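Visitor: Below you will find the structure I want to go over with you.
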Amino acid sequence: MRYRERLEQAGVKFFEAGFLDLEGNMRLRIFPVKVFDKIASEGYGFDGYSTGFVGVEDSDLVAVPDLSTLRIYSAGGERRALVICDIYKDDKPLEIDPRYMLRTFVKSLTYNVKVGLEPEFYILEGKNPVDNSSYMYSILRTDVHTVLTELINVLQETHIEVTLLHHEVGPGQFEITLPYGDPIEVCDNYIFLKHFLRVYTNFRGLGVTFMPKPFTDKPGNGLHVHISAIKGDTHLFGDEELSEEGMYFMGGLLEHARNICLYTNSTINSYKRLIPGFEAPVYPVWGRGNRSVLVRIPNYRRKDTIRLEYRAPDSSGNVYLTLLAVLWAGNRGLIEKIEPGYEFPFNAYRERPKVNPIPSSLEEAIKLADKRPIGSGYGKLVDIKVKEWRDYTKYCSELKIDPKSPVVSEWEWRRYLYR
């Protein structure tokens with residue numbers, strides 16, 4: 001059966017085909033279902049300059065659907081479809097397409113890497129959190145419960161598994177855990193999760209934000225990355241005890257943490273989350289079961305296979321670039337046999353390890369950024385982020401605000417709230 005016929009039989013009249021730009025914004029077009037087979041085989045042209053990928057003088061790019069990502073779902077009494085695209089230039093993959101870069105890097109590894117994501121988000125009523133609850137409280141509001149059950153149902157219907165969902169520490173804050181899988185597949189599933197959540201909250205008259213720090217005095221939204229690796233029949237990081245390879249991988253994460261923040265924490269607002277006291281990391285140290293460090297080894301049960309949790313990232317950037325940078329850093333640790341240093345078993349906010357902290361601003365992250373993780377895409381991303389920093393400092397200057405103040409500004413709300 002052709003895809004068009006499959007969509008028509010499912011009651012789909014229009015479909016969306018999209019991709020993430022370098023900043024992580026979803027760019028898409030809506031088409032009538034009658035042209036699906038044509039778009040699937042030929043793709044569609046778009047302006048690569050306005051999306052930030054290429055210069056204006058040679059800006060014709062093509063988005064080609066990856067049919068393995070086609071998802072059909074229901075919303076507002078309609079049947080809809082969404083498919084994620086790869087980007088091409090002159091019939092070849094665009095080298096700075098983040099999805100292509102991550103796929104290429106993962107294929108180059110000599111081991112099989114698996115990742116899991118833990119996105120956090122606030123559900124809003126107007127500009128306020130939808131409830132006053134806290135960690136693992138019951139979800140009492142009917143409309144919120146409906147949104148979240150609709151989300152889980154559509155994820156399961158579209159073959160995206162959910163490990164768990166629970167109320168987080170902040171009022172109106174929640175976390176969903178996406179299980180381990182291939183990095184590309186996990187990133188794709190994360191994109192669908194964000195899309196579906198925005199659709200269903202909108203239908204219920206609510207809002208949702210993945211903004212790293214929407215409220216100055218409340219916990220921020222992270223995107224914790226869990227990593228494991230297998231080579232042959234061996235768990236590379238160890239079964240019950242951390243292996244030498246696991247130590248080296250962790251050493252790479254810590255060694256390069258300051259140099260990959262541009263990719264893992266890519267906005268002004270990101271650095272208002274990375275402050276002491278809210279279970280967000282500040283110092284590149286590691287520990288077991290320690291939520292004040294950058295790299296945590298989950299320590300729930302002694303016989304668990306070792307996995308590493310990298311706690312810095314947030315949802316404000318391009319998720320493919322985030323995973324690319326994290327995996328690149330860990331892999332450099334394996335190649336260079338980087339030691340991670342001693343375990344830090346204390347509260348890092350109180351004891352303050354004797355290491356350089358991760359950047360405290362986007363400006364510092366730009367200066368420290370290592371271009372190796374994303375190669376030729378580095379220049380384009382830096383240009384975008386330098387302009388972002390300048391726009392923000394201009395706003396701060398006009399209002400006589402310190403651009404490095406931890407207070408969340410109206411400028412940030414306007415720019416990041418619904419990204």
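Visitor: What do you reckon, is Leu117 surrounded by 15 or more Cβ atoms within 10 Å (Cβ to Cβ), in contact (Cβ under 8 Å) with a residue 40 or more places away in the chain and within 30 Å of Phe237 (Cβ to Cβ)?
Guide: yes
Visitor: Next question. Grab the strands (runs of 3 or more DSSP E) fully contained in region 41-128, keeping just those with 1 or more residues being assigned by TED's automatic domain parsing to the domain that holds Pro183 and either at pLDDT 95 or above or touching a helix residue (DSSP H, G or I) at 6+ places or on another chain (Cβ under 9 Å) (or both).
Guide: So the answer is 112-125.
Visitor: Take the residues in region 155-178 that are surrounded by fewer than 16 Cβ atoms within 10 Å (Cβ to Cβ) and in a strand (DSSP E or B), then tell me which one is modelled with the lowest pLDDT.
Guide: Leu164
Visitor: Separate question: Can you work out which of the residues in region 224-259 that are of a type in the set (Gly, Ala, Ser) and under 19 Å from the mean Cα position of the chain (by Cα) is farthest from Ile366 (Cα to Cα)?
Guide: Ser228
Visitor: In the set Val186, Val199, Val208, which member is in a strand (DSSP E or B) and assigned by TED's automatic domain parsing to the domain that holds Glu363?
Guide: Val208
Visitor: Can you work out which of the residues in region 370-395 that are farther than 20 Å from Arg99 by Cα and in contact with a Lys or Arg (Cβ under 9 Å, 6 or more places away or on another chain) is surrounded by the fewest Cβ atoms within 10 Å (Cβ to Cβ)?
Guide: Result: Asp391.
Visitor: While we're here: Identify all residues within region 1-17 that are surrounded by fewer than 18 Cβ atoms within 10 Å (Cβ to Cβ), under 32 Å from the mean Cα position of the chain (by Cα) and in a helix (DSSP H, G or I); write none if there are none.
Guide: Residue satisfying the conditions is Arg6 alone.
Visitor: Same structure, new question: Among the residues of region 20-53, write down those that are of a type in the set (Val, Ile, Thr) and buried (at least 18 other Cβ atoms within 10 Å of the Cβ).
Guide: Val33, Ile39, Thr51
Visitor: Under 8 Å between Cβ atoms, which residue pairs at least 6 apart in sequence (or on different chains) link something in region 135-162 that is of a type in the set (S, T, N, Q) with a partner that is assigned to a loop (DSSP other than H, G, I, E, B)?
Guide: The qualifying pairs are Thr146/Arg204; Gln156/Val162.
Visitor: Every residue in region 375-404 that is hydroxyl-bearing (Ser, Thr, Tyr) and modelled with pLDDT under 95, please.
Guide: Those that are hydroxyl-bearing (Ser, Thr, Tyr) and modelled with pLDDT under 95: Ser376, Tyr378.
Visitor: For region 239-272, give me the residue count where each residue is part of a loop (DSSP other than H, G, I, E, B) and either surrounded by 18 or more Cβ atoms within 10 Å (Cβ to Cβ) or not assigned by TED's automatic domain parsing to the domain that holds Ile176 (or both).
Guide: 8
The values are calculated or read from the model by the stated rules, or taken from the named source; none is laboratory data. For clarity, every value in this text was computed on a predicted model and none was experimentally measured. Every residue, glycine among them, receives a Cβ derived from its backbone with ideal geometry; neighbour counts consider all protein chains shown.
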